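What follows is a short report on a single structure.
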Amino acid sequence: MIDFAKPSLEYSELWPLLVIFAVACVGVIIEAFAPRAVRYLAQVSLALIGSVVALVGVIMIGIDHDNGDSLDGAVVAMGAIVVDGPAIFVWGLLLVIAIAGTLLFAERRLEGGVSAFAGQAAAVPGSEAEQEAVAHRLDHTEVYPLLMFAVAGMMLFAAAADLLAFFVALEVLSLPLYLLTGLARRRRLLSQEAALKYFLLGAFSSGFVIYGIALVYGYSGTMSYAGIHEAIANNADNRPLLLVGLGLISVGLLFKIGAAPFQAWTPDVYQGAPTQVTAFMGAATKVAAFAAMMRLFYVAFGSERWTWVPVLAVIAVLTMVVGALLAIAQSDVKRMLAYSSITHTGFLLTGLIGARASGDLADGQITSTQAVLFYLVTYSFMTLGAFAVVSLVRDSGGETTQMARWAGLGKESPLVAGVFALFLLGFAGIPLTAGFAGKWAVFASAMSAGQWQVVVAAVLTSALAAFFYIRVIVVMFFSEPEGEGPSVALPSLATSVTIGFGVLATVILGVLPGPMLDLAAHAGEFIR
């Protein structure tokens with residue numbers, strides 16, 4: 001007779017995550033039963049209230065885990081999830097991004113009273129069904145539960161403590177993003193093509209991950225990160241099984257963060273997706289993926305550090321160089337920002353291979369966890385703000401992202417052009433911006449670990465990247481438009497708040513990075 005153990009869940013530790021899952025499920029019910037006329041207001045209110053409640057819960061859990069020097073941790077859900085300092089920090093950041101993403105999704109003024117999402121997702125582009133959806137000004141409100149499911153998957157991904165939870169979270173966060181990418185109201189074919197590419201390549205990378213998980217399980221006999229760590233420390237047999245499994249899992253993670261040579265999906269998806277989705281995806285996915293990556297490498301494969309650090313060092317350099325070189329050739333602003341994100345992935349990998357917390361680090365030196373967490377904060381707010389600005393620039397055909405169409409934007413709207421220039425300078429790492437403080441943190445951590453070759457490559461790449469950022473500024477302020485100049489749509493309060501918050505974060509974290517660095521340091525290290 002088989003005995004089944006009753007599952008045990010520590011609701012006091014997990015309730016913010018469960019709130020987001022509940023909000024997503026309630027959103028599905030609203031879509032099924034609520035009249036179309038009330039869905040928009042109900043979905044936006046539900047997503048915002050749920051995200052705020054969950055954020056308050058994360059803050060309360062952080063206070064409960066505060067032991068004075070750092071945040072302690074707890075292994076919950078029968079060992080499947082760890083609620084420690086980095087997880088709490090990342091949960092809070094993801095929920096702030098979720099609030100900003102909901103505000104961007106809720107924007108209706110830019111498209112004449114409807115959102116940027118297709119009125120009927122199942123309609124073929126150009127068909128009578130789509131024309132009828134446009135004529136009746138239908139609004140695709142399913143995007144809000146999809147957004148919440150993605151956020152819930154990201155929160156679980158960042159806190160997963162075994163490979164099974166890791167894979168489930170990866171799929172939960174990925175599937176809604178595949179759908180959201182193909183829901184653009186304008187340029188439907190481009191949007192659907194991007195969604196199909198993202199789905200096929202994402203499914204292919206998931207296959208690598210699950211095969212790698214099987215091999216690692218075959219080596220260690222356990223799914224838990226702590227058990228894998230112990231198996232590596234005590235078992236010298238079957239190392240090829242371990243190394244191949246580690247490599248296959250790494251492929252899936254490197255795809256998710258957009259690292260070379262697995263970056264090909266990034267520019268197509270960033271360009272084809274609705275700009276609001278690009279903003280959310282560009283910020284949140286990188287946060288969740290790097291949190292999961294650090295936990296996996298630092299905890300499960302920490303004893304194998306001498307194997308994966310050189311590989312990630314090479315990938316970091318390759319990613320920075322590929323992103324910077326290809327960004328120079330772009331004539332579309334969204335594609336340029338996509339290749340920029342690839343470059344920033346390389347910078348984050350530079351921090352990931354940096355110095356860990358140990359007695360070898362002098363007081364005041366930055367650990368890799370602290371550096372990467374801080375960089376994720378700075379990058380997220382700049383990304384949200386930059387893509388929110390992109391959604392405002394228009395021509396006679398609607399939103400325009402062709403760089404040539406941005407000529408003269410500085411004269412048409414000095415405020416919008418100036419704000420976008422601030423974000424670009426932040427991406428370039430100009431002093432007194434958040435980008436400079438973030439790069440300094442990851443470079444300092446890598447130098448402490450003796451990775452000076454990677455840091456030199458990163459500094460040279462930063463100088464190269466400044467060219468394509470400054471080129472956009474030159475186009476906006478010092479180029480004359482050929483024919484009709486660009487115009488700027490007046491956004492609603494939702495988009496304005498998101499842009500304003502991004503500007504404040506870019507300036508404040510650049511001028512006063514200390515408090516956020518201290519908060520990242522106070523989060524402590526990953527526990528087993």
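The values are calculated or read from the model by the stated rules, or taken from the named source; none is laboratory data. All values derive from a computational prediction rather than experimental measurement. Quick reminder, even Gly has a Cβ in these numbers, built from the backbone with ideal geometry, and neighbours come from all protein chains shown.
Do any helices (runs of 4 or more DSSP H) lying entirely in segment 207-280 carry at least 1 residues that are among the aromatic types (Phe, Trp, Tyr) and over 16 Å from the mean Cα position of the chain (by Cα), and which ones are they? So that I can check it myself, show each step before the final result.
Numbers: elements: 225-234, 239-257, 265-272.
Those helices (runs of 4 or more DSSP H) span 225-234.
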Subset of segment 152-195, residues small (Gly, Ala, Ser), over 17 Å from residue 287 (Cα atoms) and assigned to a helix (DSSP H, G or I), comes to 165, 191, 194, 195
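Does segment 400-421 hold any residues that are surrounded by 18 or more Cβ atoms within 10 Å (Cβ to Cβ) and either closer than 25 Å to residue 187 by Cα or among the acidic types (Asp, Glu) (or both), and which are they? Reasoning before the result, please.
Step one: filter segment 400-421 for residues surrounded by 18 or more Cβ atoms within 10 Å (Cβ to Cβ), giving 400-401, 403, 405-410, 413, 416-417, 419-421.
Those that are surrounded by 18 or more Cβ atoms within 10 Å (Cβ to Cβ) and either closer than 25 Å to residue 187 by Cα or among the acidic types (Asp, Glu) (or both): 400, 401, 403, 405, 406, 407, 408, 409, 416, 417, 420.
I'd like to verify a number: residues in segment 425-442 that are in a loop (DSSP other than H, G, I, E, B) and hydrophobic (A, V, I, L, M, F, W, C), how many?
First, pick out the residues of segment 425-442 that are in a loop (DSSP other than H, G, I, E, B): 429-433.
This time we only want the ones that are hydrophobic (A, V, I, L, M, F, W, C), so: 430, 432.
Within segment 425-442, residues that are in a loop (DSSP other than H, G, I, E, B) and hydrophobic (A, V, I, L, M, F, W, C) number 2.
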Number of positions in segment 185-203 that are touching a residue at least 60 places away in the same chain (Cβ under 8 Å), under 19 Å from the mean Cα position of the chain (by Cα) and surrounded by fewer than 20 Cβ atoms within 10 Å (Cβ to Cβ) = 2
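Buried (at least 16 other Cβ atoms within 10 Å of the Cβ) and closer than 30 Å to residue 74 by Cα, is that true of residue 445? Give the steps one after another, and end with the answer.
Details: buried (at least 16 other Cβ atoms within 10 Å of the Cβ): yes; closer than 30 Å to residue 74 by Cα: yes.
Against the criterion (buried (at least 16 other Cβ atoms within 10 Å of the Cβ) and closer than 30 Å to residue 74 by Cα), residue 445 qualifies.
Please work out if residue 396 is among the polar types (S, T, N, Q) and farther than 17 Å from residue 481 by Cα. I'd like the intermediate steps shown before the answer.
On the way: among the polar types (S, T, N, Q): yes; farther than 17 Å from residue 481 by Cα: no.
It is false that residue 396 is among the polar types (S, T, N, Q) and farther than 17 Å from residue 481 by Cα.
Yes or no, residue by residue, for (1) over 22 Å from residue 39 (Cα atoms); (2) at pLDDT below 95; (3) surrounded by fewer than 18 Cβ atoms within 10 Å (Cβ to Cβ):
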site: 118; (1), (2), (3): no, yes, no
site: 126; (1), (2), (3): yes, yes, yes
site: 130; (1), (2), (3): no, yes, no
site: 152; (1), (2), (3): no, no, no
site: 157; (1), (2), (3): yes, no, no
site: 183; (1), (2), (3): no, yes, no
site: 205; (1), (2), (3): yes, yes, no
Please verify whether segment 455-478 includes one or more residues that are surrounded by 19 or more Cβ atoms within 10 Å (Cβ to Cβ), in contact with a Lys or Arg (Cβ under 6 Å, 6 or more places away or on another chain) and not β-branched (Val, Ile, Thr).
-> no
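Report the residue count in segment 188-214 for those that are of a type outside the set (Asp, Glu) and farther than 19 Å from residue 171 by Cβ.
Adding up the residues that qualify gives 6.
Among residues belonging to segment 132-146 that are charged (D, E, K, R) and within 24 Å of residue 29 (Cα to Cα), point out the one that is modelled with the highest pLDDT.
Let us first name the residues in segment 132-146 that are charged (D, E, K, R), namely 132, 137, 139, 142.
Narrowing the set further to residues that are within 24 Å of residue 29 (Cα to Cα) leaves 137, 139, 142.
On the way: 137: 68, 139: 76, 142: 91.
Across segment 132-146, the extreme among qualifying residues is 142.
For every residue, the table says whether it meets (1) charged (D, E, K, R); (2) in a loop (DSSP other than H, G, I, E, B); (3) without any contact (Cβ under 8 Å) to a residue 40 or more places away in the chain.
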| position | (1), (2), (3) |
| --- | --- |
| 483 | no, yes, yes |
| 497 | no, no, no |
| 500 | no, no, yes |
| 505 | no, no, no |
| 509 | no, no, no |
| 517 | no, no, no |
| 521 | no, no, no |
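Here's the yes/no breakdown for (1) out of contact with any Leu (no Cβ under 8 Å at 6 or more places or on another chain); (2) crowded, with 24+ Cβ neighbours inside 10 Å; (3) free of Cβ contacts under 8 Å to residues at least 12 places away in the same chain:
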position: 46; (1), (2), (3): yes, no, no
position: 57; (1), (2), (3): yes, no, no
position: 77; (1), (2), (3): no, no, no
position: 89; (1), (2), (3): no, yes, no
position: 110; (1), (2), (3): no, no, no
position: 113; (1), (2), (3): yes, no, no
position: 145; (1), (2), (3): yes, no, no
Among (1) buried (at least 16 other Cβ atoms within 10 Å of the Cβ); (2) at pLDDT below 90; (3) among the charged types (D, E, K, R) - the single one residue 439 does not satisfy | (2)
